[in-house]
Structures are given as C-alpha cells and as structure tokens.
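Remarks on the structure that follows.
The values are calculated or read from the model by the stated rules, or taken from the named source; none is laboratory data. All of these numbers come straight from a predicted model, not from anything done at the bench. Quick reminder, even Gly has a Cβ in these numbers, built from the backbone with ideal geometry, and neighbours come from all protein chains shown. Ligands, DNA and RNA are stripped out before the accessible areas are found, and what is left, the full protein with its side chains, is counted by its heavy atoms. Shrake-Rupley method; radii C 1.70, N 1.55, O 1.52, S 1.80 Å.
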Amino acid sequence: MEFRKFGNTDLLVTPISYGAWEIGGAPFFKNVSESDAIATIRAAYEMGINLFDTAPVYGFGRSETIMGKAVKGFRDRIVISTKCGLRWKNESFDSVYKNASGASILEEVDMSLRRLDTDFIDLYLIHWPDVDTKTPIEESIDALQSIKEAGKIRYYGVSNFSTAQMKEANAYGTISVLQSQYNMLNTVLENSELPYCHEAGIGFQAYSPLLRGVLTDATIDSLKLSGQLATNWALNSLTPSRTEALKRIKEISAKYGVPLSTFATGWTISQPNISTAIVGTTRIEHLKTATAGTGLHVSDEDQQAIHEIILGTISQKT
C-alpha cells in the first residue's frame, strides 16, 4: 500500500486508515470480544495499514484500551490518532457532552496515554466544536500547543470543524489535520473545507466513506435490523434524493465487478485533497473488501457521471 504525506506533518500515512469506533461497542455498536477486536486491528496492520484512529468516547475508554493492547510489537511503526473534547457523566449516550476547555484537554491527554499504554500520541484532535461549555478556540489551541511542547503529542488537529472555525484555530496555532465525514453521498465539504485544507496545508481524513454500511452491498433492510445507534444515524440521512443517488451509484459500480464497498472506498481516496479514509469494522473480511479499493481506477467518464449524480442530490432538499 502506498504512503501519502499527511498535511503539514512529517507523517506518511496509508490511504486507508483503520477506525476503532466500532470495536468500542455500546452504546453506538454491539459489543464484540476483546480478542476479536485485537485480531481485526492486527489484521489491518498486516494488510499494510499504518494509521489507526480511535477516541476516548468510543466505548467510554474501551476502544483506546483495546488499541493499546493490539499494537504491542509494532507501535513504533504506526500512527495513532485519538481525540479530546467529548466527556461523559456515565456510560450512556445521553450523558455525553462537549468540553474542550484547557483544563479538560490537559486531563484527557493523560488518560488517553494511559489507556493506549504509549508515551506519546501522534495526532490529537478536538472531536467536535465545543458548543456546550463554549470554550474559546484560543484556549483549546493553547492547551494543545502546551501538551505538544511537553512531548505528549506530535501534532494536533480538529474534527467536524467548519472552515471559519479552522481559520480561527490557525490564528492561534498550527492545525495539521481535519477529520470529517466525506463519502459518495456526502461531498458538501468540497464547497469550502477541502479547498481551505489544500490552501492551508492541512491533511484531510475522511470518516464514514461507506456511510456505516449504506455504501456496501448490504441491504437497507438488513442494516435496519442491526439496531445499532450509529447505523441508525446513517440510515436517517437517507433522504429520497440520496436513496435515488445510491441506486444510480450502484449501477455504475456494477460495471467494475467489485463489491460496492471496494468501489466506494476506491472512489473516496482518489478524490482531490483526500489524504486518507477511515474504514471501521470488526470483521476482517469486510476490511479486506474495503481496502481492495486502493487498486481501483475509476474512469474519467464514470467520475463525471458520479459527480453529476452528487450535484443533483445536493440540489434536492429531500
């Protein structure tokens, strides 16, 4: 698997990242055994993936803890990305709140270091803009800069930030990466965030390239039956126009003789300004299918057809 420069860092990362949200289990997903989760992470490494993404809120610490155990033996050969700014009062979704205050960040980074059982974090992201405690962005960036200077993190960035929020953050420090949703049914970032990232030398890490299973060969009915909170969020985003777009995208992908997940991943990582795309799963066979997209070439004609489908979807309000 090739390596790509990651924004303004000296990190080289693979076009596919492994996302460890799902291995965290409840309340977002069904729980899986720790041994199966570790096996999946190690399989991702053996496939050539070198960027592993997690967060404290994924399973309320469980994902980070499993990640720390799984990467023993090759920690020095991978890039670990985790986050801050989402706290919880108890282990329930309803208790999660945003807090990117300086004090919270200083506390969170030490907890993540312990759970990951590592001396440093390669990339540390503010998970969401802090609209709950309304922490000034300057305060958050000052805290990130201080833990960087202390050697606890190598680089810092943001997740789910708008262009205006990134510009403000860059006024106080140096944002290295933006992580946000981007896939064949959601390309809205092409209008502002992605051009700004290119201009400012910020790497872009796309999450949900498969939209929690929607952009795979799984049927919508089977996804509904899963009853998983994160999957339900994805299904709720399927407006009539997006459902029609999905049908037309499937018709194009069928010409390539590969699973839709392979096609969707390959398309995503081939788009301008996309550094890497996060594939999150607890099943090794699903990981293999998605990562096969690294060798996919979509013709210029089909690229144009897909963008016309996407533009038509964006122009619809339902």
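Quick one: is TYR196 in contact with a Phe, Trp or Tyr (Cβ under 8 Å, 6 or more places away or on another chain) and open to solvent by less than 50 Å² (accessible area, probe 1.4 Å)? In short, no. Kindly check whether there is at least one residue in the range 108-116 that is of a type in the set (Lys, Arg), assigned to a helix (DSSP H, G or I) and open to solvent by 20 Å² or more (accessible area, probe 1.4 Å). Yes, because at least one residue in the range 108-116 is of a type in the set (Lys, Arg), assigned to a helix (DSSP H, G or I) and open to solvent by 20 Å² or more (accessible area, probe 1.4 Å). Screening HIS297 on (1) touching a His at 6+ places or on another chain (Cβ under 9 Å); (2) surrounded by fewer than 16 Cβ atoms within 10 Å (Cβ to Cβ) shows it passes everything except condition (1). In the set (1) in contact (Cβ under 8 Å) with a residue 40 or more places away in the chain; (2) within 30 Å of SER33 (Cβ to Cβ), TRP233 fails one condition alone, (1). Scanning the range 224-246 for residues that are of a type in the set (Ser, Thr, Tyr) and under 20 Å from the mean Cα position of the chain (by Cα), we see that the one that is nearest to GLY19 (Cα to Cα) is THR231.
Can you name every residue in the range 216-269 that is part of a helix (DSSP H, G or I) and touching a Pro at 6+ places or on another chain (Cβ under 8 Å)? Scanning the range 216-269 gives LEU229, ALA264, THR265, THR268, ILE269. Taking the criterion of being open to solvent by 10 Å² or more (accessible area, probe 1.4 Å), in contact (Cβ under 8 Å) with a residue 40 or more places away in the chain and either more than 13 Å from TYR18 (Cβ to Cβ) or among the small types (Gly, Ala, Ser) (or both), the residues of the range 50-71 that qualify are THR65, LYS69. Against the conditions (1) surrounded by fewer than 21 Cβ atoms within 10 Å (Cβ to Cβ); (2) aromatic (Phe, Trp, Tyr); (3) under 20 Å from the mean Cα position of the chain (by Cα); (4) under 27 Å from ASP142 (Cβ atoms), PHE93 satisfies every one except (4). The residue list GLN165, GLN181, GLN205 contains one member that is within 12 Å of THR268 (Cβ to Cβ), touching a residue at least 24 places away in the same chain (Cβ under 8 Å) and open to solvent by 10 Å² or more (accessible area, probe 1.4 Å), which is GLN181.
Among the residues making up the range 268-294, none is open to solvent by less than 20 Å² (accessible area, probe 1.4 Å), hydrophobic (A, V, I, L, M, F, W, C) and more than 16 Å from the chain's Cα centre (by Cα). Residues that are over 23 Å from TYR97 (Cβ atoms) and not in a helix (DSSP H, G or I) were ranked within the range 127-152; the one that is least open to solvent (accessible area, probe 1.4 Å) is GLY151.
Among the residues of this structure, ILE175 does not count as one that is among the β-branched types (Val, Ile, Thr), surrounded by 17 or more Cβ atoms within 10 Å (Cβ to Cβ), modelled with pLDDT of 95 or more and in a helix (DSSP H, G or I). For the range 8-46, the set of residues classified as open to solvent by 20 Å² or more (accessible area, probe 1.4 Å), in contact with a strand residue (DSSP E or B) (Cβ under 8 Å, 6 or more places away or on another chain) and assigned to a loop (DSSP other than H, G, I, E, B) consists of ASN8, TRP21, listed by residue number. Against the definition (of a type outside the set (Phe, Trp, Tyr) and in a helix (DSSP H, G or I)), how does THR65 come out, yes or no? Here the answer is yes, as THR65 does meet what is asked.
If I go through the range 230-239 residue by residue, how many of them are open to solvent by 90 Å² or more (accessible area, probe 1.4 Å) and either of a type in the set (S, T, N, Q) or out of contact with any helix residue (DSSP H, G or I) (no Cβ under 8 Å at 6 or more places or on another chain) (or both)? The number of residues fulfilling the criteria is 1.
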